[in-house]
Amino acid sequence: MMNRIYVVLASCLAAVLISAPSQATTTFVFNTVHTGGTPSGTPPWATMTIQDISGGVEITLNHSPTNASGQLISKLHLKFNTAPTGFDFTGDAFVSSIGGFGGYTDAGLVFNAEIRFKVAPITSRLLPGNSSVFKLFGVSESHFVGANNSAMIHIQGLADGGSSKVIAPEPASMLALSAGLAGLLGLRRRRR
């Protein structure tokens, strides 16, 4: 009887998570070199979350503190099903400009939003351990193309003086992950 209760509770939790009008979040882990050299430090070299907000999405890009101290992220490329209509990076110390709306190609991949980060002065760079937070409007988390090659960062300042373009494997929706964990909890309880 107790096992059935756990299964029902897990199912209800999964149903609530799936149907709740909550803010959806997608997380990316940048750990695959697409072109260029391999950044120093332990992968992932960066992580990114895209979260729904009123009228758009808030994006947080975290540069891993395990990267070499001179490495900086100079660009972030994103691909949405529909091009963003606007942006806001006020309050962010690292973004210099946002553009590319409509489509462009970099390293053989197609994107429609380019975020450029400051490269000078050194104190304004998106260096290891720093995070950048900005907003794009006219899109939602569900508009993001959640597949390989739909997000890429450009890391400069490698030990050999080169650079690297790093992509993230297919992102995991936190909503789907939560529902899956709830189901697994129910199965585990049921087997006991």
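The values are calculated or read from the model by the stated rules, or taken from the named source; none is laboratory data. Just so it is clear, the model here is predicted, and its values are computed rather than measured. Cβ sites come from the backbone with ideal geometry, for glycine too, and all protein chains shown count toward neighbours.
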### Task
Please work out if PRO84 is in contact with a Gly (Cβ under 6 Å, 6 or more places away or on another chain), crowded, with 21+ Cβ neighbours inside 10 Å and part of a loop (DSSP other than H, G, I, E, B).
yes
### Query
Can you spot a residue in region 138-160 that is within 25 Å of THR35 (Cβ to Cβ), of a type in the set (D, E, K, R) and assigned to a strand (DSSP E or B)?
no
### Query
Yes or no: ILE50 modelled with pLDDT of 95 or more, surrounded by 22 or more Cβ atoms within 10 Å (Cβ to Cβ) and under 26 Å from PRO121 (Cα atoms)?
no
### Message
The conditions are (1) assigned to a loop (DSSP other than H, G, I, E, B); (2) buried (at least 19 other Cβ atoms within 10 Å of the Cβ), and LEU76 fails exactly one of them. Which is it?
### Response
(1)
### Query
Do you know which residues across region 97-112 are polar (S, T, N, Q) and surrounded by 14 or more Cβ atoms within 10 Å (Cβ to Cβ)?
ASN112
#### Entry: THR38 modelled with pLDDT of 95 or more, in a strand (DSSP E or B) and under 18 Å from VAL166 (Cβ atoms)
no
### Query
Quick check, is ALA24 modelled with pLDDT of 95 or more, among the small types (Gly, Ala, Ser) and within 13 Å of the chain's Cα centre (by Cα)?
no
### Task
Consider THR85 carefully, then state whether it is free of Cβ contacts under 8 Å to residues at least 24 places away in the same chain and of a type in the set (Val, Ile, Thr).
no
### Query
Pairs, please: C-beta under 8 Å, at least 6 apart or cross-chain, first residue under 13 Å from GLY70 (Cα atoms) and in region 110-130, second part of a loop (DSSP other than H, G, I, E, B) and of a type in the set (Phe, Trp, Tyr)?
SER124/PHE94; ARG125/PHE94; LEU126/PHE94; ASN130/PHE94
#### Entry: Residue satisfying all of: in region 77-87; hydrophobic (A, V, I, L, M, F, W, C) and within 14 Å of ASN149 (Cβ to Cβ); nearest to the chain's Cα centre (by Cα) among these
LEU78
### Query
Any idea how many residues of region 93-127 are farther than 15 Å from LEU61 by Cβ, among the hydrophobic types (A, V, I, L, M, F, W, C) and assigned to a loop (DSSP other than H, G, I, E, B)?
4
